Amino acid sequence: MANDLQAAHRRLSERRHADETFNIMVAGPRGVGKSTLLQTLCDSFSVLHIDALSEGERQMYTGTDDADVDPFCIFDTLSGTTHIRRCHVRTIDPATKHVVRVELIDTPGIDARDDVAASACVNELCGEIERRFRNTVDEEMSVRRSSVERTQHVHAVVYVVAPP
């Protein structure tokens, strides 16, 4: 009984001291600069470790590994995003020196001129948000939680609009 209580206390302590995690999704019409915004955000981090990109693009980047490779060119800002892309990055909060994990979620542009395509795109984004929230709730409700605390739900959706 004492061992179970100590183990539970240890797990709770680990969760309290886990890295902060934020999941940010960027959405909006085609061509307004969603990928560029995410790339600019990555460029602003003083320390950046790229843990993983979307399926098919999984690799480990670190800003100091190879001078010939630009690890900060994460999002293709020229050809347009055709599917939901995710990038897990770790950075350090300069004020507190704590590690902050950020998942950046780039989305395809919503074509307002085509109601069917726009509806399909919005449904895909809503489905992604709902799936992630469901996964987080399921994890919180489970008896045995994951030892690695990484929330999956989307904390913020930034909707980018075209300038006037």
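Residues in region 20-44 that are within 23 Å of residue 131 (Cβ to Cβ) and open to solvent by 10 Å² or more (accessible area, probe 1.4 Å): 20, 21, 22, 24, 34, 35. Within region 97-137, the residues that satisfy the criterion of being open to solvent by 70 Å² or more (accessible area, probe 1.4 Å) and not in a helix (DSSP H, G or I) are 97, 98, 112, 113. In a residue-by-residue description of region 102-112, the property of being more than 24 Å from residue 41 (Cα to Cα) and either of a type in the set (Val, Ile, Thr) or touching a residue at least 12 places away in the same chain (Cβ under 8 Å) (or both) applies to at least one position. Criterion first (closer than 23 Å to residue 40 by Cβ, open to solvent by 30 Å² or more (accessible area, probe 1.4 Å) and modelled with pLDDT under 90) does residue 86 satisfy it? Answer is yes for this residue.
The values are calculated or read from the model by the stated rules, or taken from the named source; none is laboratory data. Here the structure is a predicted model, which means the values were calculated and not measured. Counting neighbours? That spans all protein chains shown, and the Cβs are built from the backbone with ideal geometry, glycine included. Areas reflect the complete protein model, heavy atoms only, side chains present, ligands, DNA and RNA absent. Shrake-Rupley method; radii C 1.70, N 1.55, O 1.52, S 1.80 Å.
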